1. Assuming A:LEU133 fulfils every condition listed in (1) buried (at least 17 other Cβ atoms within 10 Å of the Cβ); (2) more than 10 Å from chain B (Cβ to nearest Cβ); (3) not in a strand (DSSP E or B) apart from one, which condition is it?
2. Test each condition in (1) under 19 Å from A:MET37 (Cα atoms); (2) in contact (Cβ under 8 Å) with a residue 40 or more places away in the chain; (3) in a loop (DSSP other than H, G, I, E, B); (4) within 14 Å of another protein chain (Cβ to nearest Cβ) for A:LYS163 and report the one that comes out false.
3. Would you please name the residue that is most open to solvent (accessible area, probe 1.4 Å), looking only at residues in region B:121-147 that are of a type in the set (A, V, I, L, M, F, W, C), under 18 Å from B:VAL38 (Cβ atoms) and in contact with a Pro (Cβ under 8 Å, 6 or more places away or on another chain)?
4. All but one of (1) in contact (Cβ under 8 Å) with a residue 60 or more places away in the chain; (2) within 18 Å of B:PRO137 (Cβ to Cβ); (3) open to solvent by 10 Å² or more (accessible area, probe 1.4 Å) hold for B:LYS36; state the number of the condition that does not hold.
5. What residue, among those in region A:83-119 that are in contact with a helix residue (DSSP H, G or I) (Cβ under 6 Å, 6 or more places away or on another chain) and free of Cβ contacts under 8 Å to residues at least 60 places away in the same chain, is surrounded by the most Cβ atoms within 10 Å (Cβ to Cβ)?
6. Could you check region B:87-113 and list, in sequence order, the residues that are more than 15 Å from B:THR196 (Cα to Cα) and buried (at least 23 other Cβ atoms within 10 Å of the Cβ)?
7. Determine which member of the set A:LYS147, A:LYS120, A:LYS94, A:LYS98 is part of a helix (DSSP H, G or I), within 14 Å of chain B (Cβ to nearest Cβ) and not hydrophobic (A, V, I, L, M, F, W, C).
8. Could you grab me the full set of residues in region B:159-170 that are within 9 Å of chain A (Cβ to nearest Cβ) and not β-branched (Val, Ile, Thr)?
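The values are calculated or read from the model by the stated rules, or taken from the named source; none is laboratory data. If you're wondering where the values come from, they're calculated on a predicted model, not measured in any experiment. Cβ atoms come from the backbone with ideal geometry, glycine included; neighbour counts cover every protein chain shown. To get the accessible areas, we keep the full protein, side chains included, count just its heavy atoms, and leave off ligands, DNA and RNA. Shrake-Rupley method; radii C 1.70, N 1.55, O 1.52, S 1.80 Å.
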Amino acid sequence: MKIKITICLLAFIACFDFQTNAQSVEIVKWDYIENLMNQKSDTLYVINFWATWCAPCVKELPYFDRLAAENKSAKLKVILISLDFKKQLESRIKPFVKDKNIQSQVVVLDEPNYNSWIDKVNPEWSGAIPATLIVGGNTATPLFFEKEFIFTELNEIVKPLIK
Amino acid sequence: MKKLLILPAILFLFIAAAPSETGFKVGDKASDFNLKNVDGKMVSLAGLKNTKGAIVIFTCNHCPFSVAYEDRIIALHNKYAAQGYPVVAINPNDPVKSPDDSFDAMVVRAAEKKFPFPYIYDVDQKVASVYGAVRTPHVFVLTREDNAYNVAYIGAIDDNTYEPENVQTRYVEQALDEILAGKKVTTNFTKAIGCTIKWKS
């Protein structure tokens, strides 16, 4: 009986977790990123810019989830900023997040005038994705990478930056 | 192990940075090309008749940004070709990495959309490399001086890919209108937004 209840409860939690995850994708504006870049907490934010149509982005997404999973108790937060078209939130982005079982927080950036904000993330950014911004934690200034990561490399960069 | 990891990273950065660093800047002389059009004929800048320049656009079939801009590229050609600035669309992508961008697929797409401009195939990717194109779509507005071509604008078509009704600034149109009015191009460079060009490995 006890086992049955536990299984039921676990199944419920798993299901619940899964659903909230799949449905919590929000549309954000530039100030969301600006606030992350200006935050002064000890938490290290690993912010990845991606899109469902970008093959190298999709390939590296699991590495970001793994990074978060392996540092669950550390002051680390992974945020995946989708540059997909916001009108595809229900038809494409949410189903994608659900299918790929993405655990990290996903938000959709609604700032179609890229030339108005990409330089503020980093002047060297060409606008290509995947791109990754690392702020907070032990970073002195934000770190920016316009490249596709493999897990070991991402891990080696991030580990020493966690407070 | 560390060294092994760093080496590919450096190589990657070098490869990624190389085309844009060696490419044309605004004010440079642009080189001509001679590439196969979807109708099988070769197209070069010099071969275009009665032009004052050209709107060279590196684009492709598969990229959602390129697709989103197809109708606006057609509109650009329809507006400016008669004024001496036709569109020349160039697909630079490696069909091995991006099968939807093969020459045969270009022929199909050009027919579907009834492209009124040449859609030519940069088969060895040399033109994209020389121009310093990194995205699709990536625009180079050229002005003509006898048989020489000057780069007058490099970048994006406008400032809103997916909501044409919400575009604030039409960079290419603005540049062309200024050129046609004999004025200096005020915004002569923007960062082109779109897919990365799929280079051969």
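1. Evaluating A:LEU133 over (1) buried (at least 17 other Cβ atoms within 10 Å of the Cβ); (2) more than 10 Å from chain B (Cβ to nearest Cβ); (3) not in a strand (DSSP E or B) leaves (3) as the failure.
2. (4)
3. B:VAL127
4. Checking B:LYS36 against (1) in contact (Cβ under 8 Å) with a residue 60 or more places away in the chain; (2) within 18 Å of B:PRO137 (Cβ to Cβ); (3) open to solvent by 10 Å² or more (accessible area, probe 1.4 Å), the one that fails is (2).
5. Checked region A:83-119; the qualifying residue surrounded by the most Cβ atoms within 10 Å (Cβ to Cβ) is A:ASP84.
6. B:VAL87, B:VAL88, B:ALA89, B:MET106
7. None of the others qualify; the one that does is A:LYS120.
8. B:ASP159, B:ASN160, B:TYR162, B:GLU163, B:ASN166, B:GLN168
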